[in-house]
Amino acid sequence: MQLMSIEDLALYLGVSKRTVYKYLADGDCPPYIKLSAKNISFDRADVDAWLVSKKVYPENGGERMRNPDTPCDTKSEQPSNADTLPWTPRARAVLNAARRQAREDGFTIVGTEHLLLGMLTVRKSLGASILERLGVSPQECWQRYRATLQPTENRGRNRVRLSDDVEKVTQEACRQAMQWGHTYIGAEHLLTGVLMTERGVGFRILSDLGVTLDRVRTEAAGLIVCRQAADK
């Protein structure tokens, strides 16, 4: 049994402590252990089961693209549930922001650079928190991104799809989540995924700014429970 405090649960879900208390007040929350009025803990297995119960399967339609909940790469050594990892709301917000940015700038594909900008846009995500702790300047990222833009007359008009690089990022994010013992994909996993692919404009921007995979993993271990880091 791995117990989580209310603070741990808030980080795990990517929400505020106030939101967790609202879940408790509404009775729409994972089962918990109440030792006293101020000592409430959650078993992570119960939290994961609760998250799975919240999954929504929309009907087909709309713009065709890879659904973040579709199976990720399971060729490496991963548990049998590797193809059912839910995305946190903030991870989805990062991807949506990346798609919007690509469309607004006239791109037909979403690249790792758009994923990076989406992460910086969703300021309360763990991915953004890690970058901030590493001293990454959002302004510097934007300037480097703008330097890669080509003039286009199709801004805001294109239908966009995920690039092969971003597809690879989602696979690596899934693998990193499994290595850390997590049963969800968050913005922090997407950030490590960008670095693990070692390709794309987003990866080059991070590398130029001195952001390495090891540094990101170290910062992540200071914010959340990472099994791999804890075992070292």
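FYI, it's all coordinate maths here, none of it is from the lab. Keep in mind that this is a model prediction, so the values were computed, not measured. Note that we place each Cβ from the backbone using ideal geometry, even for glycine, and neighbour counts take in every protein chain shown.
Just a few scattered comments:
- Spacing of the two label points (7 Å from each Cα toward its C-beta) at D28 and T108, in nm: 4.2 nm
- Nonlocal amide H pairs with L162, under 5 Å, H built at 1.01 Å: R66, V110
- Residue ranges 100-111, 118-129 sort as 118-129, 100-111 when ordered by packing (mean number of other C-beta atoms within 10 Å per residue, highest first).
- Pairs over the 30 Å Cα-Cα cut-off, from the set K34/K168; K22/K124; K22/K168: K34/K168; K22/K168.
- Segments 134-140, 7-13, 188-194 sorted - mean Cβ within 10 Å per residue, highest first: 188-194, 7-13, 134-140
- Under Karplus coefficients 6.51, -1.76 and 1.60, residue-wise ³J(HN,Hα) of segment 120-127 in Hz, glycine/proline x: 6, 6, 7, 4, 8, 6, 5, x
- Summed side-chain charge close to A128 - residues other than A128 whose Cβ falls under 11 Å, Lys, Arg +1, Asp, Glu -1: +2
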